[in-house]
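Here the structure comes first, spelled out in structure tokens, and everything after it is commentary.
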Amino acid sequence: MNNEAVTHDSFEALLSWLGTTRDDGAQKYETIRARLIRIFMNKRCTDPEDLADTTINRVIGKLSTITPDYVGDPASYFCGVARMVYLESGRRKELTISREPVTPAADLVLDQSRKCLRSCLAQLPTQQQVLVMDYYVDEKLEKIKSRQQLASELGLTMNALRIRAYRIRTLLEQCVRECMAA
Amino acid sequence: MENPGGLSINSSEQDQLRNYLLGRLDDHGEEQVEQRLLSDDEFFEEFELIESELIDQFVYGRLSDEERVLFEEHLLQTPKQREKLAFATALREETTDHLARTIQVVPFEPRPKVRIRSPNLLKIAAAVIVAVGLPVTVWVLVGRRTSDIERGMLALNQAYKNERLVESRISEVNYSQFRPTRGGQDSQIDTRALNEAGLRLSESARTTGNAASYHALGRFYLAGKDFEKAKDQFEQAIRLDSQNAELQSDYAAALFELGKAARNDDEAKAAEYFNKSLEHINRALVLNDSLLEALFNRGLLLEELTRLPEAEDTWRTYLQIDSTSPWTKEARRHLSAIEDQRKKASETPGALP
């Protein structure tokens with residue numbers, strides 16, 4: 001692993017490169033870090049956070065050489081470095097689909113998830129609750145409203161409905177995560 | 001093209017993201033996607049949206065076999081990914097339950113013209129009115145649904161009174177001797193009763209469409225070794241009622257039998273069935289920890305998986321609860337077989353216990 005030391009100054013330099021203001025740069029940094037983690041996760045790396053930090057540290061280490069002439073979105077530069085970090089790491093996780101049987105404890109987790117989900121749903125405005133219940137129900141069940149019907153009723157295109165449902169879902173996932181952790 | 005404020009990602013980009021998530025892109029393709037993910041907020045949101053749709057398709061069993069394998073390889077590897085899957089599963093169950101609560105389970109469908117014209121049914125109806133004093137229309141419209149299942153199950157038990165085709169225990173199906181081969185001149189299956197069972201239970205499922213009727217029809221198929229059809233019926237029933245221990249146990253039995261059938265040709269498929277079977281047996285036992293069918297079938301499954309110490313424990317637990325029914329002979333036979341294996345293993349030098 002590349003453990004180039006990151007100083008306060010060098011980190012500030014990174015933020016300056018990423019954004020016109022410090023806050024802007026900090027937000028961009030967080031976004032890039034989160035997305036690098038997702039990319040490494042998708043590559044089945046066992047330690048995506050570590051690889052993301054390695055990538056960022058390496059970019060920081062090269063700032064003095066790249067910033068004078070660099071043109072374009074700084075985020076794109078991270079991509080190339082990330083690919084190199086991934087290749088060097090050789091940490092692709094071996095495929096191990098777990099064949100461990102689900103124990104009753106896993107069912108208890110599901111029960112707890114459902115309890116949290118109900119509680120989180122109850123915190124949503126009624127219209128959003130109804131949208132989630134109608135949108136995510138199994139489309140193979142009879143007597144359900146089709147998504148097209150739902151979209152028409154709400155005056156939305158199918159894709160707009162899809163996005164709206166997804167954004168509410170994201171809120172619910174976050175709420176359930178916090179509830180489960182509590 | 002798209003709503004203001006919505007995403008403007010076209011369908012080929014969506015396909016590209018789906019393929020990226022499933023690991024189908026080559027290096028160049030991956031690089032293109034990753035470049036964009038890092039810098040394009042809309043593209044990244046679409047990426048997360050498509051990931052959630054893939055997870056839902058997995059949960060609802062809508063991925064192709066190939067995609068399912070890719071999904072398991074790429075999207076079920078980390079705790080965060082499994083957390084997303086758990087959320088999607090909870091969401092599916094919650095929306096299904098919500099639907100079941102808002103739909104009448106037994107629809108009040110007046111069909112008096114058809115029923116009143118049937119003299120046999122009038123006689124039966126009259127007999128019931130005399131016997132129990134219930135209003136005729138209520139019994140004809142509502143009670144008939146229940147009696148279809150009851151009669152169907154009676155016929156099913158009659159059909160398999162002298163022999164059964166599957167080793168697993170099926171709820172509400174009585175004991176008979178296990179004979180795995182079907183048909184033949186010496187078959188002791190009552191085919192008339194079997195046909196009646198099929199007709200009644202199919203009709204009930206078709207007209208009622210509730211969990212009990214799908215469950216009953218599933219039992220019919222399971223008893224007759226139509227494991228895929230049994231699985232379908234149980235899945236429909238579970239969508240409407242996931243808290244029924246016997247239903248979970250019967251579903252597990254269907255999966256177990258499918259696993260045994262797949263074992264010679266496709267070990268991976270068999271493992272998947274067995275894994276899911278154990279999940280549902282355990283779910284049944286969480287709902288009812290002394291459900292004999294689930295315990296019996298758990299013993300069978302664990303033996304099949306050569307998890308002999310656990311199988312032995314299960315058979316012992318079974319026999320503690322049931323020491324008198326005809327099933328105990330089979331349970332004792334299984335337990336003895338495991339004990340014999342254990343003794344032989346301990347006598348063989350270097351062998352594992």
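Quick note: the coordinates plus some simple rules give every number you see, no bench work behind them. Bear in mind that the values here come from a model prediction, so they are computed numbers and not experimental data. For neighbour counting, all protein chains shown are included, and Cβ atoms are generated from backbone atoms with ideal geometry for every residue, glycine included.
Computing FRET efficiency as 1/(1 + (r/R0)^6) for B:ASP186 and B:ASP265, where r is the C-beta to C-beta distance and R0 is 35 Å, gives about 0.75. Across region A:22-30, computed HN-Hα scalar couplings (Karplus, 6.51 cos²θ - 1.76 cosθ + 1.60, θ = phi - 60°) run 5, 5, 4, x, 5, 5, 4, 4, 4 Hz from first to last residue, x flagging Gly and Pro. The gain in end-to-end length when the B:ASN10 to B:SER290 segment is fully stretched comes to 95.4 nm, 0.36 nm per residue minus the alpha carbon separation. Let me make sure I get this right: for region B:275-353, a, b and c are the square roots of the gyration tensor eigenvalues over alpha carbons, sorted descending. Under 1.5 in a/c it's rounded, otherwise prolate if a/b > b/c, else oblate. Which is it? Oblate.
Taking a ≥ b ≥ c as the square roots of the Cα gyration tensor eigenvalues, with a/c under 1.5 meaning rounded and otherwise prolate when a/b beats b/c, else oblate, which class fits region A:8-89? Here region A:8-89 falls in the prolate category. Once the Cβ-Cβ distance between A:ARG118 and B:THR306 is put in as r, and R0 is 60 Å, what FRET efficiency do you end up with, to the nearest 0.05? Taking R0 as 60 Å, the efficiency between A:ARG118 and B:THR306 is 0.90. Taken along the Cα-to-beta-carbon direction at a fixed 7 Å, the label points for B:LEU154 and B:GLU48 span 5.9 nm. Amide H contacts of A:CYS45: A:LYS93, each under 5 Å away and 5 or more positions distant or on a separate chain (H built 1.01 Å from N in the peptide plane; Pro and chain starts excluded). As a calculated quantity, the FRET efficiency between A:ILE66 and B:VAL69 at R0 = 30 Å, using C-beta atoms, amounts to about 0.15.
Length, then width, then depth: along the principal axes, the Cα atoms of region B:11-102 run 49, 28, 27 Å. Each of A:ASP73 and B:ALA337 was given a label point 7 Å from its Cα along the Cα-to-Cβ line. The distance between the two points is 6.2 nm. Could you sort out which of A:LYS115/B:LYS161; B:LYS84/B:LYS269; A:LYS62/B:LYS84 sit more than 32 Å apart by Cα distance in this structure? Going by Cα-Cα distance, A:LYS115/B:LYS161; A:LYS62/B:LYS84 fall outside the 32 Å limit. Distance between the pseudo-spin-label points of B:ALA100 and A:ASP50 (7 Å out from Cα toward the beta carbon): 4.4 nm. Taken as Cα centroids, region B:204-266 and region A:158-182 sit 32 Å apart, rounded to the nearest whole angstrom.
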